[in-house]
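Have a look at the structure below before the remarks.
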Amino acid sequence: MSVRLRKHRSRTPAILATVLMTLGWTVAVTTGVASPATPSVNTGPGARPAAAVAAATFTDDFNGPAGSGVDGGRWQHETGDNVNNHERQWYTSGTGNAALDGQGNLVITAKRENPGGNTCWYGYCQYTSARLSTAGRFTQAYGHFEARMKLPRGQGMWPAFWMLGNNIGSVGWPASGEIDIMENVGFEPRTVHGTLHGPGYSGSGGIGAGYTLPGGQAFADGFHTFAIDWAPNSITWSVDGNVYQTRTPADTAGRQWVFDHPFYIIVNLAVGGYWPGDPDGSTTFPQQLVVDYVHVTSGDGTAPGGAITGLGGKCVDVAGADPANGTQIQLHDCNGTTAQRWTVSGTTLRALGKCMDVAAANPANGTKVQLYDCNGSAAQQWTRPGDGTVRSLGKCLDATGAGSANGTPLQIWDCFGGANQRWNLPAG
């Protein structure tokens, strides 16, 4: 699918208005623009790269009361219509089209209705559905991304589990990259597609393949697991653990490989469009995309990066292991958790899919050091001149009050060579 949703009146804007502009890679969704250019293949059972022991970085099992909404700390609703793909639905917010069922599932429901009286690109909207993303909540480069889902059935249905590069706000699509982990179109009930889109290989020219269930089964008959294993210069797709394609930079025929930075996740159910075609008299409504879980793990069996230690041998720690923007970065006893594992990527320091950041890019002494979405700003550039200090905006990373107690907040301060401004960083 096209990445852009149109904005209407005062409704929630399209995701491009909220996408942050990050380059680089470390701890971290798009339906394809059109059908993949590569013919469908079915290679049979294969051994999926092992990820069972990897560290969990994102987990949503959709546990909650029936009728409740998704966790707003993990997901946001993207609303509006989509003229680029000629989809027919209006994506809504709230629980009317996306709600938990009380049995550990998220249910995205496509309905033939228009209770809001919304106007789509083609006139009065005929359908509603939902599109959810982790933009601004969770991004990651590399690892194992997996969802267990039961797909809808019928002509015109277009469910997808996909990813977009989180630098889309600065470089646009397709330069940002798009990884379609799973797409299905209703006229192919037995087949799903996995596709890459990038500069020079997007839309109908995307690079991908399909996987077809054996024995006449349809993906709407039961739950199936859709996954990718993503490493530097390699992405492997699997269905129910059966590998059916691997793509590398060699597949781009010399064009740019843009899958080397964090991406965010999207799960949606579209109605109609160029690829699936519109619903017809055989299509029944409502239709449901039922999602049992979405899980993401790091790629190597351990959380990436290592500890940053400072005064008193304490570790630099994300308070409460909370990945929300603005979370205080502090000192704490070292415990080996992902909240204390930092990756040095260029001049950025990253944990839990976010960057170490000087609040509001304020260079004043005492300014809070926090976790924030990576955005490439000067407030997230940290240099190491070789004297043990770590510097941003001309100031030093500093343990407040020269304290080493658990919970001591980190700040920036004029550099003076104190022990509370000396740090040991992981290799990077």
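For the range 141-160, how many residues meet the condition of being under 30 Å from G281 (Cα atoms), small (G, A, S) and surrounded by 24 or more Cβ atoms within 10 Å (Cβ to Cβ)?
Residues flagged as under 30 Å from G281 (Cα atoms), small (G, A, S) and surrounded by 24 or more Cβ atoms within 10 Å (Cβ to Cβ) within the range 141-160 amount to 2.
If I filter the range 134-145 for residues that are at pLDDT 95 or above, part of a strand (DSSP E or B) and of a type in the set (S, T, Y), do I get at least one hit?
no
Scan the range 231-271 for residues that are part of a loop (DSSP other than H, G, I, E, B) and on the phi < 0 side of the Ramachandran plot and jot them down.
Within the range 231-271, P232, T248, R255, Q256, W257, V258, F259, D260, H261, P262 qualify.
Here's the yes/no breakdown for (1) at pLDDT 85 or above; (2) open to solvent by 30 Å² or more (accessible area, probe 1.4 Å); (3) in a loop (DSSP other than H, G, I, E, B):
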position: S10; (1), (2), (3): no, yes, yes
position: V19; (1), (2), (3): no, no, yes
position: P49; (1), (2), (3): no, yes, yes
position: A52; (1), (2), (3): no, yes, yes
position: G69; (1), (2), (3): yes, yes, yes
position: N82; (1), (2), (3): yes, no, yes
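Could you check the range 253-282 and list, in sequence order, the residues that are out of contact with any Phe, Trp or Tyr (no Cβ under 9 Å at 6 or more places or on another chain) and either open to solvent by less than 10 Å² (accessible area, probe 1.4 Å) or among the aliphatic types (A, V, I, L, M) (or both)?
Within the range 253-282, just V258 meets the criteria.
Could you say which residue among T95, T128 is in a loop (DSSP other than H, G, I, E, B) and either in contact with a Gly (Cβ under 8 Å, 6 or more places away or on another chain) or at pLDDT 95 or above (or both)?
The conditions single out T95.
State whether one or more residues within the range 119-133 are in contact with a Phe, Trp or Tyr (Cβ under 7 Å, 6 or more places away or on another chain), open to solvent by less than 20 Å² (accessible area, probe 1.4 Å), among the small types (G, A, S) and more than 26 Å from S176 (Cβ to Cβ).
No, the range 119-133 contains no residue that is in contact with a Phe, Trp or Tyr (Cβ under 7 Å, 6 or more places away or on another chain), open to solvent by less than 20 Å² (accessible area, probe 1.4 Å), among the small types (G, A, S) and more than 26 Å from S176 (Cβ to Cβ).
Take E87 and decide whether it is closer than 30 Å to Q217 by Cβ and either acidic (D, E) or in a loop (DSSP other than H, G, I, E, B) (or both).
It is true that E87 is closer than 30 Å to Q217 by Cβ and either acidic (D, E) or in a loop (DSSP other than H, G, I, E, B) (or both).
Looking at the range 311-353, which of its residues are part of a loop (DSSP other than H, G, I, E, B), modelled with pLDDT of 90 or more, buried (at least 18 other Cβ atoms within 10 Å of the Cβ) and of a type outside the set (D, E, K, R)?
T327
Could you list all residues from the range 378-428 that are within 29 Å of the chain's Cα centre (by Cα) and either open to solvent by 70 Å² or more (accessible area, probe 1.4 Å) or of a type in the set (D, E, K, R) (or both)?
T383, A427, G428
Residue by residue through the range 365-377, note down the ones that are within 18 Å of G165 (Cα to Cα), hydroxyl-bearing (S, T, Y) and open to solvent by less than 60 Å² (accessible area, probe 1.4 Å).
Matches in the range 365-377: S377 only.
Filter the range 175-207 down to residues that are in a loop (DSSP other than H, G, I, E, B) and at positive phi and give me whichever is most open to solvent (accessible area, probe 1.4 Å).
Among those that are in a loop (DSSP other than H, G, I, E, B) and at positive phi, it is G200.
Sort out which residues of the range 208-223 are crowded, with 22+ Cβ neighbours inside 10 Å and not in a loop (DSSP other than H, G, I, E, B), and write them in order of number.
Answer for the range 208-223, where residues must be crowded, with 22+ Cβ neighbours inside 10 Å and not in a loop (DSSP other than H, G, I, E, B): G208, G210, Y211.
Checking the structure you have, find out if any residue of the range 161-174 is open to solvent by 40 Å² or more (accessible area, probe 1.4 Å) and under 30 Å from S282 (Cα atoms).
no
Take the conditions closer than 21 Å to F58 by Cα and touching a Pro at 6+ places or on another chain (Cβ under 6 Å) and apply them to L371. Does it pass?
Considered against the rule, which asks whether it is closer than 21 Å to F58 by Cα and touching a Pro at 6+ places or on another chain (Cβ under 6 Å), L371 comes out as no.
The values are calculated or read from the model by the stated rules, or taken from the named source; none is laboratory data. On a predicted model such as this, the values are computed, not experimentally measured, just so you know. Because the Cβ atoms are built from the backbone with ideal geometry, glycine has one as well, and the counts that use them run over all protein chains shown. What goes into the accessible areas is simple: the full protein's heavy atoms, side chains included, and nothing from ligands, DNA or RNA. Shrake-Rupley method; radii C 1.70, N 1.55, O 1.52, S 1.80 Å.
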